[in-house]
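Have a look at the structure below, then the notes.
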Amino acid sequence: MPDDIHELAAALDQSARIRGEFTLRSGLTTNEYFDKYRFEADPLLLRQVAEHMVALLPADTEILGGLELGGVPIATLVSSLTGLPALFVRKEAKKYGTCKLAEGGDFAGRTITLIEDIVTTGGAVRNAALALRGLDATVHTVVCAIDRSEPGANTLHEIDLTTVAVLTKKDLDTSTTRASGSV
Ligand SMILES: O=P(O)(O)OC[C@H]1O[C@H](OP(=O)(O)OP(=O)(O)O)[C@H](O)[C@@H]1O
Ligand SMILES: O=C(O)c1cc(=O)[nH]c(=O)[nH]1
């Protein structure tokens, strides 16, 4: 990995990794959690994550679909950096007003690349991808900041969805080892 990504891994690890007992979105429990809001609320770290994502976007991306909540600020910045329009994808359609699941411009018939903060099992991404496909969008890739999925746990390939990560949990683990001088 180039130095700047090593440095980003170390910075994200230091800002976001917390230890304790946590229940995850999937219902799994863990003793380590990445509090994405710790790096998303930091302008420098958010920008570095977004800049790395720009380089990972599939060439056919027409719209950036940021997943509520943590994917939204990242997608907004990637949109600003690329000029691609953003879409803000709710977990559930709003129950009043426009009653939309995804907020922004029209997306039927267009290719949306999902922008997510953390992938653990891929469940949140799966829900969003299937819902957007049901609304006639093409969705084939998610770009996430941190892929912390255990080997075999991310089943997004089963719905023909590719996961691309700025960093994996292994990268963050390695950054800690490097910082302690053992690599
Ligand atoms: O891959 P999964 O097993 O689905 O887990 C990861 C999802 O869980 C978190 O969502 P959460 O609903 O906690 O996040 P929010 O704070 O972004 O709304 C995270 O932001 C991912 O969306
Ligand atoms: O799986 C999750 O819910 C999850 C894991 C994690 O490390 N961070 C987070 O915000 N959500």
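The values are calculated or read from the model by the stated rules, or taken from the named source; none is laboratory data. Bear in mind the structure is a predicted one, so any value in this text is a computation, not a measurement. Methodologically, a virtual Cβ is constructed for each residue, glycine included, from the backbone with ideal geometry; neighbour enumeration extends over all protein chains shown. Accessible surface areas use protein heavy atoms only, side chains included; no ligands, DNA or RNA. Shrake-Rupley method; radii C 1.70, N 1.55, O 1.52, S 1.80 Å.
Points worth noting:
- Selection of first residues in segment 139-157 that are closer than 24 Å to A41 by Cβ and of second residues that are modelled with pLDDT of 95 or more and acidic (D, E), restricted to Cβ pairs under 8 Å at least 6 apart or on distinct chains, gives the following pairs, ordered by first then second residue: V142/E116; V143/E116; C144/E116; C144/D117; A145/E116; A145/D117; I146/D117.
- I115 aliphatic (A, V, I, L, M), closer than 19 Å to S79 by Cβ and modelled with pLDDT of 95 or more: yes
- Within the set G27, G65, G70, the sole residue that is surrounded by fewer than 15 Cβ atoms within 10 Å (Cβ to Cβ) and either in contact (Cβ under 8 Å) with a residue 24 or more places away in the chain or on the phi > 0 side of the Ramachandran plot (or both) turns out to be G27.
- Listed by position, the helices (runs of 4 or more DSSP H) enclosed by segment 1-88 that each have at least 2 residues that are of a type in the set (K, R) are 36-40.
- Residues of segment 40-51 include none that is surrounded by fewer than 23 Cβ atoms within 10 Å (Cβ to Cβ), within 16 Å of ligand 1 (Cβ to nearest atom) and charged (D, E, K, R).
- Scanning segment 102-132 for residues that are more than 16 Å from ligand 2 (Cβ to nearest atom) and open to solvent by 30 Å² or more (accessible area, probe 1.4 Å) yields E103, G104, G105, D106, A108, G109, R110, L130, A131.
- Residues that are of a type outside the set (A, V, I, L, M, F, W, C) and touching a residue at least 24 places away in the same chain (Cβ under 8 Å) within segment 106-127 comprise G109, R110, T111, T113, E116, D117, T120, T121, G122, G123, R126, N127, listed in sequence order.
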